[in-house]
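Working notes, structure below.
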């Protein structure tokens, strides 16, 4: 684990750089039969490492063995409801945001491709992107991660990235604060978000 710190009020952030192999991660786990079968059924080796790293990181952050389950929308939960949890992993990193009494959302992305080519799928006309060619990719990734984080914090239900999640305009820095609005069937809700860059990764998180 490379980052484990308090985020905002009553929220915990953890980020894990996956350097262990399958056996090393599995040796740190206490899995029931159902979870072990699920793990073994993954055909992709890296998918197994991701799955194990998420649970290893969650256990480290909570200080005990916890079981992560998912609802029909693939939203994760701690089985005993002791924490709200949001999870993101990309390439070599796994990230978790936890809170016992606040809603949480996090997204982490390895900036590996030209996101400019798909920007019109999630950016709307009110959201502006820098003209600095060195920052365009990073700026767009922050927008994407922010929308993904808010999508998660709002339970992933009937929300369109382009129409229903609006991120207020900002100038990209190495780290900073954002605000955004999510439109749902219940109305509009405002959120504060934080973002930062870690090597070639963009990370955005919100706790409310």
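Bear in mind these aren't lab numbers, they're just calculated from the coordinates by the rules spelled out. Computed from a prediction, not measured in an experiment: that's the story for all the values here. Note that we place each Cβ from the backbone using ideal geometry, even for glycine, and neighbour counts take in every protein chain shown.
How do 137-145, 149-157 rank on mean C-beta neighbours within 10 Å, highest first?
137-145, 149-157
Hey, if you drop one equal point scatterer on each alpha-carbon of the chain and run the Debye formula without solvent, what base-10 log of I(q)/I(0) do you get at q = 0.08, 0.10, 0.17 Å⁻¹?
For the chain, the Cα-only Debye profile gives -0.28, -0.43, -1.20.
Taking neighbour Cβ counts within 10 Å as the exposure measure, how do 204, 129 sort from fewest upward?
Lowest to highest Cβ neighbour count: 129, 204.
Using only alpha carbon positions, build the gyration tensor of the stretch 110-151, then give the equivalent ellipsoid semi-axes as the square roots of 5 times its eigenvalues, largest first, whole angstrom.
Whole-Å semi-axes of the equivalent ellipsoid: 15, 13, 10.
At a threshold of 8 angstrom on Cα-Cα distance, excluding pairs fewer than six apart, so keeping six or more, what relative contact order does the stretch 107-207 reach in percent?
Rounded, it is 31 percent for the stretch 107-207.
In Å, what Rg and Dmax follow from the Cα atoms of the stretch 107-207?
12.7, 39
If you fit an axis through the alpha-carbon atoms of helix 136-153 and take the longest principal axis of the Cα set of the chain, what angle between them do you get, 0 to 90°, nearest 10?
Helix 136-153 sits at roughly 60 degrees to that axis.
Roughly what percent of Cα-Cα pairs across the stretch 37-102 reach past 13 Å?
65 percent
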